[in-house]
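Trainee: Pasting in a structure now, in structure tokens, and then I'll have a few things to ask.
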Amino acid sequence: MDEGRRRVVIEGVSPEIDGGQFAIKRVVGESVVVEADIYTDGHDAVSCALRYRRDEQTEWTDVPMTLLGNDRWRASFPVMELGSYRYTLIGWVDHFLTWSRDLSKRIEAGQDVAIDLEIGARMVDAAASRASRGDAATLRRLAKSMRGRAGLDAALSPELGLLMERYGDRRFATDYRRELPIVVDPPKARFSTWYELFPRSASPDPTRHGTFADVRAMLPEIVGLGFDVLYLPPIHPIGERYRKGKNNTTEAGTDDPGSPWAIGGAHGGHKSIHPELGTLDDFRQLVDAARDVGIDIAMDIAFQVAPDHPWVEDHRAWFRERPDGTIQYAENPPKKYQDIYPFDFESEDWEPMWRELASVFTFWRHQGVRIFRVDNPHTKAFGFWDWCIDAVKRQYPDVILLSEAFTRPKVMYRLAKGGFTQSYTYFTWRNTAAELREYFTELTRPPVVDFFRPNLWPNTPDILPEALQLGGRPAFIARLVLAATLGASYGMYAPAFELMEAEPLAPGREEYLNSEKYEIRRWDWNRSDSLRPLIALVNRIRRDNPALQSDRSLRFHPVDNDQLLAYSKVTEDGSNAIITIVNVDPHHRQSGWLNLQLDEFGIAGDQPFQVHDLLGGGRFLWQGGHNYVELDPVAMPAHIFRLRHRMKTEQDFDYFV
């Protein structure tokens, strides 16, 4: 039988993901704030503590919890190292605290407390037996005083309270039934800015295939645009058999390079490099050169193979065989992808397959790569990802993995719970103010915010959304501002976005005409109408304003026009506050009245304050929470306002902070 004298109840713990089955996520330097309902029967006082440790440690660090009200308690602790942590809670009936509280009431009522002082002194004696030598002597001295003329002074002394909190009787303490996991990631897991390009299109010479050296020459420009992650589609050899031609045709011409996602051929597979891009040493030089200027190279990991990948011949059991003896190629009926074979995650040879796939991550981590974008993880077994990500991150806790899973919500969330650091989202298809409010409220509130880190992409090589096809330049600008300010992490398929590529393969399709997935493109990087200057400005705003570097503070604000979306982000200490307003109608001027709850920004209702438009440069003096806004999409479809409080200095003149 369990110890029946444990009287404290601990429940309603937050954060806790699926009963502790999955870890919450934080980055180095963040705090973990934990709340719980903790109470006991009757009227005894309760004390409780939040306990935490690193996975490899055995000793807990205790943090006393603070009562918020209605039996709800809170405490927090910082996570300062990469890796895995655990936390739990402990609560106990605090007989000394109960005694002390009741003693004060008896004194106030003028009652005789001689017996009560003796009861308290005996509790102090017991605590002395649990204390260290120096504290034990102090406790015995205080107990003796409680039995003498200075009894009340000793009993009510702050010194006694602190010592009894440290050495209180926890014999019948209730331990929370679970140890809850935390994964602590690098800062770029929370805040990152991604630039995607195809290295084969990076050559300044239109007569030749691009190389890693060409990409290295582009690094100063990419840094100048404000990006800190350079994402490269697969850099491996491309299969020859069933190679796709331009615009995904089934017949490839002799000069067609094929899709980089059809991995593997005579030159190797997932641990090899396409020979026209360069050598492994060339790739390492690119990784090192990028890191020297503050950029991480993100590699694409696509667990699928071309028909001529070495694994097909060496490990045929890893793939599903059809009744006619051929291997099943990838399909999404009626679409057929004859140039790709998926893995069979029900293969009898699954264990060697899992180990080999996991080794792909560690191989490239050895080459200096710390960030991976994983293609279509939702078409692989959840159990594989749980095991693989845990194995990789135990060895390399600095690894960041982005899940490219445009699929059902529960599947996307399950992949994030299973260990993916960041995730693609439905942002690409959320266009109205109402859609964006609903979706991002979900993403930035518990429990989702504790395990799912969104990475917002207005376009990808696979997706040219209808909003960009039909909205012209204003739509591109609005989607840029939304992605960069709604999300702490965002990315773009860069050349197509900055040059506002908007022609679909066919009406009603979301694929690019002349897609770079199937051919080498020659981009006019310096075109006069490029969005590059605006992209650089938006990224500088993100870098200069810490409020935009986290998602947890996102709040939406009412506007009396459903074509205007208004929202804010504020740092925890309130020192930086950003209000963004976007006209989601790319064709018409829209205006309306914005309503702010000024107390959320630490501003009194009658206090004037300045807003500085970081996009347009204008400065406006507002007073009160009801203010007029107007946005012409042709001029600029968005405001990014930085709030500046109007205050008085000691010298009695106005200034803004």
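Trainee: Which value in deg cm²/dmol, rounded to the nearest 500, describes the helix-derived mean residue ellipticity at 222 nm for the chain, given -39,500 (n - 2.57) per DSSP H run of n ≥ 4 and division by the residue count? Before the final figure, lay out each step's value.
Mentor: On the way: 15 runs with 178 residues, N = 657.
The per-residue figure over the chain is -8500 deg cm²/dmol.
Trainee: Next up: Helix 212-224 versus the longest principal axis of the chain: what is the Cα-based angle in degrees, 0 to 90, to the nearest 10?
Mentor: 50 degrees
Trainee: Per residue, how many Å² of accessible area does the range 147-276 show with a 1.4 Å probe? Don't jump to the answer; show the numbers that get you there.
Mentor: Details: 5750 Å² over 130 residues.
Accessible area per residue, the range 147-276: 44 Å².
Trainee: How big is the range 1-70 on each of its three principal axes, counting only the C-alpha atoms and giving the largest first in Å?
Mentor: Projected onto its principal axes, the Cα set of the range 1-70 covers 42, 32, 24 Å.
Trainee: Moving on to the next point. Ranked from the most accessible area to the least, with a 1.4 Å probe and all protein chains present, what is the order of Asp112, Asp390, Asp324, Asp44? Before the final figure, lay out each step's value.
Mentor: On the way: Asp112 130, Asp390 75, Asp324 105, Asp44 50 Å².
Final ranking, largest accessible area leading: Asp112, Asp324, Asp390, Asp44.
Trainee: Pop out the Kirkwood hydrodynamic radius of the range 47-152 from its pairwise C-alpha distances, inverse of mean 1/r, in Å to one decimal.
Mentor: Values: mean 1/r = 0.0601 Å⁻¹.
16.6 Å is the Kirkwood radius here.
Trainee: Let me ask something else about it. Of Gly294, Pro377, Phe345, which is farthest towards the positive pole of the range 285-377's charge dipole, taken about the Cα centre with +1 and -1 on the beta-carbons of Lys, Arg and Asp, Glu respectively?
Mentor: Gly294
Trainee: As an exercise, use a Förster radius of 60 Å and the Cβ-Cβ distance of Arg170 and Thr207 to find the FRET efficiency, rounded to the nearest 0.05.
Mentor: Numbers: r = 77 Å, r/R0 = 1.29.
That pair, Arg170 with Thr207, gives E of 0.20.
Trainee: Length gain on complete extension for the stretch His587 to Ala114, per 0.36 nm per residue less the alpha carbon to alpha carbon distance? Present the calculation step by step, with values, prior to reporting the outcome.
Mentor: On the way: separation 473, 0.36 × 473 = 170.28 nm, distance 8.29 nm.
Computed gain between His587 and Ala114 is 162.0 nm.
Trainee: Ranking request for peptides 454-464, 430-440: highest mean number of other beta-carbon atoms within 10 Å first, then the rest in descending order. Mind showing how you got there, number by number?
Mentor: Numbers: 454-464: 22.5, 430-440: 17.3.
Answer by packing, highest mean first, reads 454-464, 430-440.
Trainee: Along the Cα→Cβ direction, 7 angstrom out, place labels at Thr58 and Thr362. What is the inter-label distance in nm?
Mentor: Label-label distance for Thr58 and Thr362, simple model: 2.7 nm.
Trainee: With labels modelled as points extended 7 Å from the Cα through the Cβ direction, what inter-label distance (nm, one decimal) is found for Ser14 paired with Asn248?
Mentor: The modelled label-to-label distance comes out at 4.3 nm.
Trainee: Still on this model: Specify the angular offset, from 0 to 90 degrees and rounded to the nearest 10, of the alpha carbon long axis of helix 433-443 from the longest principal axis of the alpha carbons in the chain.
Mentor: Value to nearest ten degrees: 60.
Trainee: How much of Ser550 can a 1.4 Å solvent probe reach, expressed as accessible area in Å² and rounded to 10?
Mentor: Here the accessible area works out near 30 Å².
Trainee: Cβ neighbours within 10 Å, averaged per peptide: list 248-260, 167-179 in order, most packed at the top. Don't skip to the answer; put the middle values down first.
Mentor: Values: 248-260: 15.2, 167-179: 16.7.
Sorting 248-260, 167-179 by mean packing, highest first, produces 167-179, 248-260.
Trainee: Continuing with this model, one more query. For the Cα atoms of the chain, what angle does the longest principal axis make with the long axis of helix 280-292, in degrees from 0 to 90, nearest 10?
Mentor: 50 degrees
Trainee: Arrange the residues Val27, Val584 by how much accessible surface each exposes, largest first, with a 1.4 angstrom probe.
Mentor: Numbers: Val27 0, Val584 30 Å².
Correct descending sequence by accessible area is Val584, Val27.
Trainee: Taking the Cα centre of each part, how many Å lie between the range 146-179 and the range 407-447?
Mentor: The range 146-179 and the range 407-447 have Cα centres separated by 47 Å.
Trainee: Probe 1.4 Å, all protein chains in place: accessible area of Glu351 in Å², nearest 10?
Mentor: Ignoring ligands and nucleic acids, Glu351 comes out at about 100 Å².
Trainee: Given a Förster distance of 45 angstrom, what is the FRET efficiency for Thr407 paired with Asp41, based on the Cβ-Cβ distance and rounded to 0.05?
Mentor: Numbers: r = 48 Å, r/R0 = 1.06.
Computed FRET efficiency for Thr407 and Asp41 comes out at 0.40.
Trainee: Tell me, what is a quarter of the convex hull surface for the C-alpha atoms of the chain, in nm² with one decimal? Could you put the intermediate results ahead of the total?
Mentor: Working: hull surface 156.0 nm².
Taking a quarter of the hull surface, the average projection is 39.0 nm².
Trainee: Starting from 0.36 nm per residue, how many nanometres of slack lie between Glu572 and Arg445 once their C-alpha separation is accounted for? Walk me through the numbers on the way to the answer.
Mentor: On the way: separation 127, 0.36 × 127 = 45.72 nm, distance 1.57 nm.
Extra length available between Glu572 and Arg445 comes to 44.2 nm.
Trainee: Could you rank the peptides 298-309, 181-192 by their average count of other C-beta atoms within 10 Å per residue, with the highest value first?
Mentor: On the way: 298-309: 22.8, 181-192: 21.1.
For the peptides 298-309, 181-192, the packing ranking is 298-309, 181-192.
Trainee: Here is a further query. Size of the dipole of the chain about the Cα centre, Lys and Arg at +1 and Asp and Glu at -1 on the beta carbon, nothing else charged, in debye to 20? Let's see the in-between values first.
Mentor: Details: 79 positive and 96 negative charges, 259 e Å.
Using Cβ point charges on Lys, Arg, Asp and Glu, the chain gives about 1240 debye.
Trainee: Put +1 on the Cβ of each Lys and Arg and -1 on the Cβ of each Asp and Glu in the chain; which of His612, Val223, Ala566 then has its Cα farthest toward the positive end of the dipole?
Mentor: Projecting each Cα onto the dipole axis, the largest value belongs to His612.
Trainee: Moving on to the next point. Given a 1.4 angstrom probe, what's the average accessible area per residue across the range 423-475, in square angstrom?
Mentor: Numbers: 1740 Å² over 53 residues.
Result: 33 Å² per residue.
Trainee: Let me see the pair-distance distribution of the range 498-560: every alpha carbon pair, 10 Å bin width, integer percents in order.
Mentor: Here the calculated profile for the range 498-560 is 16, 26, 28, 27, 4.
Trainee: Please work out the C-alpha center-to-center distance from the range 565-583 to the range 278-330 and express it in whole Å.
Mentor: Taking the Cα centre of the range 278-330 as reference, the centre of the range 565-583 is 42 Å away.
Trainee: Please work out how much length the chain gains when fully extended from Glu81 to Thr279, using 0.36 nm per residue of separation minus the C-alpha to C-alpha distance, in nm with one decimal.
Mentor: Details: separation 198, 0.36 × 198 = 71.28 nm, distance 3.48 nm.
Additional length available on full extension: 67.8 nm.
Trainee: Right, here's the next one. Along the Cα-to-Cβ line of Ala506, 7 Å from the Cα, sits a label point; which residues in the range 323-344 have backbone N less than 14 Å from it?
Mentor: Within reach of a label on Ala506, which here means backbone N under 14 Å from a point 7 Å along Cα→Cβ, the range 323-344 contributes 334-336.
Trainee: Go ahead and collect, in residue order, the members of the range 208-250 whose backbone nitrogen is under 15 Å from a label point 7 Å along the Cα-Cβ direction of Lys271.
Mentor: Within reach of a label on Lys271, which here means backbone N under 15 Å from a point 7 Å along Cα→Cβ, the range 208-250 contributes 237.
Trainee: Nearest 5 is fine: what % of DSSP beta bridges in the chain come out antiparallel, could you say? Each step should come with its number before you reach the end.
Mentor: Numbers: 80 of 110 bridges.
Of those bridges, close to 75 percent are antiparallel.
Trainee: Leaving out ligands and nucleic acids, and using a 1.4 Å probe, what accessible area per residue does the range 336-385 come to in Å²?
Mentor: Working: 2040 Å² over 50 residues.
Here the residues of the range 336-385 average 41 Å² of exposed surface.
Trainee: Measuring from the lowest to the highest alpha carbon on each principal axis, how far does the range 129-258 reach, largest first, in angstroms?
Mentor: Principal extents (Cα only, largest first): 102, 36, 23 Å.
Trainee: Once label points are set 7 Å from the Cα along Cα→Cβ at both Leu470 and Asp599, what is their separation, rounded to one decimal in nm?
Mentor: 4.3 nm
Trainee: Let me ask something additional. Of the heavy-atom accessible surface of the chain (probe 1.4 angstrom), what whole percent is carbon and sulfur? Don't skip to the end; give the middle numbers.
Mentor: Numbers: 14420 of 29370 Å².
Carbon with sulfur: 49 percent of the solvent-accessible area.
The values are calculated or read from the model by the stated rules, or taken from the named source; none is laboratory data. Keep in mind it's a predicted model, so treat the numbers as computed, not measured. Cβ: placed from backbone, ideal geometry, glycine included. Neighbour counts: every protein chain shown. In case anyone asks, the SASA skips ligands and DNA or RNA and just uses the protein heavy atoms, side chains included. Shrake-Rupley method; radii C 1.70, N 1.55, O 1.52, S 1.80 Å.
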